[in-house]
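Scroll down for the structure; my scribbles are underneath it.
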Amino acid sequence: MGKRRSQKAAVLEGTEVMVKKKTRKPRSPIPEPTYIIPDVERKETTFKGPLILGYACLNTILRNKRPAAESIFCSRTCRIDTIKKNGLEWVKDLGRKNCQDLLSIIQWNHENNIRFMRISSEMFPFASHATYGYSLDYCAPLLSQVGALASQLGHRLTTHPGQFTQLGSPRAEVVQSSLRELQYHAEMMDRMGLGVDGVMIVHGGGVYEDKAATIERIKETITRVLPKNVRERLVLENDELCYNAEDLLPLCEELDIPLVFGKSHYHHDALHPSSISRRQIIERANAVWIRRGIKPKQHLSEPRPGAETLMERRAHADRCQSLPEELPDDMGRPVWVKAKDKEQAVLHLYRIYGLQPVKQGKKHLVVLGLICVRDKSVQNLYGHLMKIRPRRPRDANLTRRGRRKRAERKRQMT
Ligand SMILES: [Zn+2]
């Protein structure tokens, strides 16, 4: 580190051109991942409606493109220090690039029969920040281009504002920042011109030692604080720790706010079950979706294989191996597959149930060095053969913030 710094100082003084060249020696390029298609166990579903599977935010194939400059993703972000250093225009440019890449991802999805996706909340870094926030006006043409492409391809887009969105917080400033966060998401979707199906999903949040009182505050925030365009896109979702579907349903029914549930959050619900049956929950939840004229949506995830404790079971498996049995056979039901393998998880279910044709060559990362990063299915198989436990990626337990911090630290080191 010390040596590096002194080299840098020398470069700054303009005396050591050779040293500068040496520090910028290009790394040998990492090869682009190659893909193979392993066999899946075919299953049947009685589901008759248009089953639309989607995934969240990140497309692992496009993200892993090589060289890295060609990588396509929507979560370029930075730290506040970088905003201070580089200025707001620089940050806004990250948003522009994210937005441009969203066009490519939607196109890719279309070509691979995926017509449903959750937009990354990091599309416009810090747009909802109290001090560094900004309007998305500068990106209006691009945003409407995204919306137009999505509508042309019949692609549904939704969002899921982060867990710091706490509608029931007893602290006014937390409610205010939650409001800003929701307004940012609503602005993004409004500027895309998304219709009613462009929903914004939030969890109940914390219980603040009194669930009933917190639910009252959530109600208060929804009815008195949220502007119309935010409220119209708002959807609540049960979670595995604080609010199960039964806690949220009365609120949803009273305020006409749809509830995302399913065997969907069947994973979540299985961890913190409601006393009423899943079928009843789905029926009641659907009634609200239908009343509002919005296509229902469910979340599907499975716990990691071998997970036993509650915290272990909260982690999603890389892929889902089956569709929920409670899925009504006759209802158009977009299901968002919540799995670490993202688009691969969707394609995996397509193949298991023969739902959609899946193109060749888009399946598993088999470059050995990348297996532990992306493809645990291959890795699990490998682990099984070798009788070793598959290794989890090093950053599997880090939060998004932790990962960002680590990336920042890495950047500072080089
Ligand atoms: Zn969620």
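The values are calculated or read from the model by the stated rules, or taken from the named source; none is laboratory data. All values derive from a computational prediction rather than experimental measurement. When we count neighbours, we look across all protein chains shown, and the Cβ atoms used for this are built from the backbone with ideal geometry, even at glycine.
Every test in (1) away from the ligand (no atom under 15 Å from the Cβ); (2) at pLDDT below 95; (3) of a type outside the set (A, V, I, L, M); (4) under 27 Å from Leu179 (Cβ atoms) is passed by His268 save one, and that test is (1). Identify the residue in region 48-103 that is surrounded by fewer than 19 Cβ atoms within 10 Å (Cβ to Cβ) and of a type in the set (Asp, Glu) and, among all such residues, is modelled with the lowest pLDDT. Only one residue fits best here, namely Glu70. Taken over region 126-142, the residue count meeting the criterion of being in contact with a Cys (Cβ under 6 Å, 6 or more places away or on another chain) and part of a loop (DSSP other than H, G, I, E, B) is 0. Taking helices (runs of 4 or more DSSP H) as the structural unit, no element lying wholly within region 143-260 holds at least 2 residues that are loosely packed, with under 15 Cβ neighbours inside 10 Å and in contact with a strand residue (DSSP E or B) (Cβ under 9 Å, 6 or more places away or on another chain). Among the residues making up region 219-249, a single one is within 15 Å of the ligand (Cβ to nearest atom), acidic (Asp, Glu) and within 20 Å of Gly293 (Cα to Cα): Glu237. Within the bounds of region 89-108, is there any residue that is free of Cβ contacts under 8 Å to residues at least 12 places away in the same chain, in a helix (DSSP H, G or I) and farther than 28 Å from Arg404 by Cα? Checked region 89-108: no residue is free of Cβ contacts under 8 Å to residues at least 12 places away in the same chain, in a helix (DSSP H, G or I) and farther than 28 Å from Arg404 by Cα. Scanning region 65-78 turns up one or more residues that are out of contact with any Asp or Glu (no Cβ under 6 Å at 6 or more places or on another chain), without any contact (Cβ under 8 Å) to a residue 12 or more places away in the chain and of a type outside the set (A, V, I, L, M).
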